[in-house]
Structures are given as structure tokens and as C-alpha cells.
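Asks: Please find one structure pasted underneath; my questions will follow.
Bear in mind that the values in this text are calculations on the coordinates, not laboratory data. Keep in mind that what you see is a predicted model, and the values were worked out from it rather than measured. So basically every Cβ, Gly included, is an ideal-geometry build from the backbone, and we count neighbours across all protein chains shown.
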Amino acid sequence: MPYNKPYYEEIDTNELCDYGCALKAKFKFHNGKKCCSKHFNSCPGKRKKFSDSDHSERARKSLETRIRLGITKTSQIKGGKTRRDNGHYERLAIKMQAHWDKTPWQNNPRCKLIPYKHITLNCQGSYEYAFLNKLESKFGLSWIEENVSRGPNIWYIDPATNKKRLYISDFQIGNTVYEIKSSWTWNKKGKDMNLEEKNKAKLQQCINEGYNVELILNGKKENWK
């Protein structure tokens, strides 16, 4: 059954909310019901009724359904292995890379990917901008356009969880991957060695796949091994 979004219209009435909170109704949905909030799930009365309900029967039915359909944890693990063996995730990585080239992935809303000056190459944050600016001062903007690209996507094993994860590197020049980090994003200024080991695992996997690697930490080349 399709979900019908409860589109509302603001109303001015002395009638109470139909969802049991005893507050004055402010909105009317397309089904004629009145509510104190723009969405009935935001009504304090409806929320209290839900939290006070016994959900054990719903959970039991959900488990029975998953078992009947064969949707178990074991089946999910097997499905994941099959997709890995068939190269599904590698194909997905290539497809997403093409997508990100056209629509850059905004993995940090507070520090968005933006074009470097007027060229198509994107950068994220002040350290990446400074890296490109230094190259521009040395070689010129046209050289950057011809020789610098966003880095490759690399699958690596997270040392903390032993799970396969996708590393999206920063820049590539020739056969060299450049990873631009601050001391905070590298290891939280020395306070998170697990994060540092994770970052090292990413760079080591680049080397394993035949790339050279340069770590630019706080604007300076750093020996990370």
C-alpha cells in the first residue's frame, strides 16, 4: 500500500488535535484530521501512545516474516560475499567515481568541495586549496588543469574492524597519490592512534596497488611510514 504524505494546511480553530494530546489544532491534513503539528508523528499525544505501546508482538511478527522469507543475518553475509566475489562493489566504485566527477560528493557539509578558482578541479578545505595554490605558484594554473586530478578510489581493509572499506583519495599527479591532511584529521593531534592506523592502511593499500604516495600534513610533506 503506498504511503500518502499527510499534506497539511494551516487552520485557525478552537478545536483540539485529533491525535489525543489535548492541544489546540493548527493544521488540517488531506484526510480531514486536525493536528497540533505539521506531521501527526510529531504530536506529543501520538508519540506518548506509541512509546507506551507493547511492541513485542510487532517484533515477533517481524522476526517470523524474515525467517519465512529467508532474510537472516546468515543470508545477508552470504549475499555480501557473493557480491564481493562477483566484483559488484568494484563496479559500483567505478560507477560512483564517474558520478562524483560530475556531482562531487559532499562528505562534509561544513567543508564542501568547491572548484579551484575557475577550473573544473575541485578542492575541499583550506589545506587542499593551499596545496593547489602552491602548485599554481610553481607551475601555473594551466599545468594544474592538465596534470592534476582527484585521486582514485581504493578498497582497503580497516585495521580496527577488519572490514573492507572504500578510500576516496584527494589528488593524483602522474602515478602519485597525494593525501592532504591536518593533524586533526590524521590522528586528532596525536590523541587517536586508531585513526592514524586507519589512515596509514589507506595509503599502504595505494602502494600495494602500484601508486606512489605523498602525505601532506599541515601543508608540509610528512614521512608517514
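Asks: Label points 7 Å out from Cα along the Cβ direction at T82 and S183: separation in nm?
Replies: Result for the modelled spin labels: 5.1 nm.
Asks: Under a point-charge model restricted to the Cβ atoms of Lys and Arg (+1) and Asp and Glu (-1), what is the dipole moment magnitude of the chain relative to its Cα centre, in debye to the nearest 20?
Replies: That gives the chain a dipole magnitude of about 880 debye.
Asks: Just want the answer: with Cβ charges of +1 for Lys and Arg and -1 for Asp and Glu, which residue in A201, C35, G140 is farthest toward the dipole's positive end in the chain?
Replies: C35
Asks: Would you work out which of L16, M96, I154 lies farthest towards the positive end of the dipole of the chain, given +1 charges on the beta-carbon of Lys and Arg and -1 on that of Asp and Glu, about the Cα centre?
Replies: Selected residue: L16.
Asks: Also, quick follow-up: What is the dipole size for the stretch 103-222, taken about its Cα centre, with +1 at each Lys and Arg Cβ and -1 at each Asp and Glu Cβ, in debye to the nearest 20?
Replies: 440
Asks: Want the number for L166 to E145: 0.36 nm per residue separation, take away the alpha-carbon distance, what's left?
Replies: 5.0 nm
Asks: Please report the projected area of the chain's Cα convex hull averaged over all directions, in nm².
Replies: 20.1
Asks: Percent antiparallel among DSSP beta bridges with both residues in the stretch 103-222, to the nearest 5?
Replies: Counting DSSP beta bridges with both partners in the stretch 103-222, the antiparallel share is about 75 percent.
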